[in-house]
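The values are calculated or read from the model by the stated rules, or taken from the named source; none is laboratory data. None of the values given here were measured: they were computed from a predicted structure. Here the Cβ positions follow ideal geometry from the backbone for every residue, glycine too, while neighbour counts run over all protein chains shown.
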Ligand SMILES: Nc1ncnc2c1ncn2[C@@H]1O[C@H](COP(=O)(O)OP(=O)(O)OP(=O)(O)O)[C@@H](O)[C@H]1O
């Protein structure tokens with residue numbers, strides 16, 4: 001298995017604008033990396049560069065210690081799984097899984113044996129003789145994965161592999177991919193725009209925006225210490241609340257800082273609490289099960305928080321939001337960069 005290093009990758013298509021502005025990443029063998037970011041930020045482009053399906057204008061792609069910019073996709077030890085599965089409709093599951101092996105000149109008996117072994121790992125044995133049209137979305141996705149696994153590569157690239165599945169199936173497949181990663185001990189680089197998927201799957205998350213890598217770290221570090229306001233708002237649900245220091249008037253926070261408060265730092269209470277608090281009225285509530293997401297109007301703007309249904313104040317039109325300032329994040333109001341600030345209160 002080999003290390004994947006990207007050094008200062010710049011990319012533009014034809015004579016178009018730059019879509020990757022100097023991205024660097026070092027990925028250890030066996031890591032599960034999730035690249036996340038809004039639509040158009042360059043996630044798929046980065047993945048396609050690693051696969052060798054695109055070339056970059058500047059920078060180095062180093063695979064296993066060797067500069068590999070000019071190595072053809074089929075000569076890289078990498079398999080790619082796409083969102084639309086790319087299965088052959090006229091071939092059975094067995095043939096689809098074995099297809100890549102045929103291209104490599106493996107004899108038929110060996111090929112079929114390998115396809116059956118992979119089908120067992122993915123619980124696809126009952127479907128080996130079916131064609132893709134007779135499979136569910138999740139089964140098709142597993143066949144696509146089977147085809148990649150059959151090649152015995154050390155690295156799998158996955159481009160939004162679950163985006164065509166319904167929510168329940170997506171949760172199941174997410175777990176399967178995570179288990180597969182444990183079994184295969186392979187490197188996985190996985191692209192998604194879904195922050196929940198990123199948090200639940202990754203050893204490390206790469207957050208991108210407009211072709212720039214914003215932060216590359218563990219899910220815990222990204223959630224607990226977001227590098228800037230963009231990362232803070234993109235990761236975590238409901239989205240972090242941002243309040244200007246001047247509006248919250250709390251614990252001597254300098255006025256050039258924006259205060260970031262996640263839902264878990266906020267409590268809705270009936271009477272004015274000690275410490276930092278905002279008067280609030282609930283304008284909208286969304287039931288999510290045992291919890292409700294509450295959208296509140298406050299003098300500092302709109303604030304969203306989650307509360308347990310059994311712990312709501314009686315009068316939602318006239319209540320308070322208690323802010324745990326020890327759990328607050330601080331950002332430079334101009335640049336959005338994270339700033340450390342020690343709150344004195346409490
Ligand atoms: N073949 C291409 N020719 C020209 N421009 C392209 C091409 N492919 C992508 N782009 C542009 O490059 C930028 C990055 O696209 P990319 O597909 O990498 O983004 P993404 O983050 O994967 O987006 P999404 O989540 O919507 O798939 C976009 O502005 C896109 O329009």
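Mind telling me which of the residues 260, 289 ends up being under 32 Å from the mean Cα position of the chain (by Cα) and within 30 Å of residue 41 (Cα to Cα)?
Unique residue meeting the criteria: 260.
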Checklist entry - Tally time: how many residues in the stretch 15-54 are surrounded by 20 or more Cβ atoms within 10 Å (Cβ to Cβ), within 12 Å of the ligand (Cβ to nearest atom) and in a loop (DSSP other than H, G, I, E, B)? => result 3
Next on the checklist: Anything in the stretch 99-122 that is more than 23 Å from residue 181 (Cβ to Cβ), modelled with pLDDT of 90 or more and part of a helix (DSSP H, G or I)? List them, or say none.
Outcome noted: 108, 109, 110, 111, 112, 113
Next on the checklist: Suppose the filter is away from the ligand (no atom under 15 Å from the Cβ) and over 19 Å from residue 41 (Cβ atoms); does residue 239 pass it?
Outcome noted: no
Checklist entry - For residue 96, which of the numbered conditions (1) outside any loop (DSSP other than H, G, I, E, B); (2) within 12 Å of the ligand (Cβ to nearest atom); (3) in contact with a helix residue (DSSP H, G or I) (Cβ under 6 Å, 6 or more places away or on another chain) fails to hold? => result (2)
Next on the checklist: Looking at the structure I just gave you, is residue 206 buried (at least 21 other Cβ atoms within 10 Å of the Cβ) and more than 25 Å from residue 94 (Cβ to Cβ)?
Outcome noted: yes
Checklist entry - Residues in the stretch 162-173: is at least one closer than 25 Å to residue 18 by Cβ and within 16 Å of the ligand (Cβ to nearest atom)? => result no
Checklist entry - Which condition number does residue 156 fail, the rest of (1) more than 16 Å from the ligand (Cβ to nearest atom); (2) part of a helix (DSSP H, G or I); (3) surrounded by 23 or more Cβ atoms within 10 Å (Cβ to Cβ) being met? => result (2)
Next on the checklist: Looking at 39, 24, can you tell me which residue is touching a strand residue (DSSP E or B) at 6+ places or on another chain (Cβ under 9 Å) and more than 23 Å from residue 72 (Cβ to Cβ)?
Outcome noted: 24
Item to check | the stretch 1-14 - residue that is part of a loop (DSSP other than H, G, I, E, B) and within 16 Å of the ligand (Cβ to nearest atom) and, of those, farthest from residue 188 (Cα to Cα) | outcome: 14
Checklist outcome for this item: Taking first residues from the stretch 40-57 that are at positive phi and second residues anywhere that are part of a loop (DSSP other than H, G, I, E, B) and within 12 Å of the ligand (Cβ to nearest atom), the pairs with Cβ under 6 Å that are 6 or more apart or on different chains are 42/211
Checklist entry - Given the structure, is residue 65 surrounded by fewer than 16 Cβ atoms within 10 Å (Cβ to Cβ) and within 12 Å of the ligand (Cβ to nearest atom)? => result no
Next on the checklist: Please verify whether residue 121 is under 30 Å from residue 196 (Cβ atoms), under 30 Å from the mean Cα position of the chain (by Cα), crowded, with 19+ Cβ neighbours inside 10 Å and in contact (Cβ under 8 Å) with a residue 12 or more places away in the chain, treating the condition exactly as stated.
Outcome noted: no
Checklist entry - Residues in the stretch 70-92: is at least one within 16 Å of the ligand (Cβ to nearest atom), in a strand (DSSP E or B), modelled with pLDDT of 90 or more and closer than 30 Å to residue 231 by Cα? => result no
Next on the checklist: Restricting to the stretch 180-197, name every residue that is part of a helix (DSSP H, G or I), more than 16 Å from the ligand (Cβ to nearest atom) and either in contact with a strand residue (DSSP E or B) (Cβ under 7 Å, 6 or more places away or on another chain) or not assigned by TED's automatic domain parsing to the domain that holds residue 34 (or both).
Outcome noted: 181
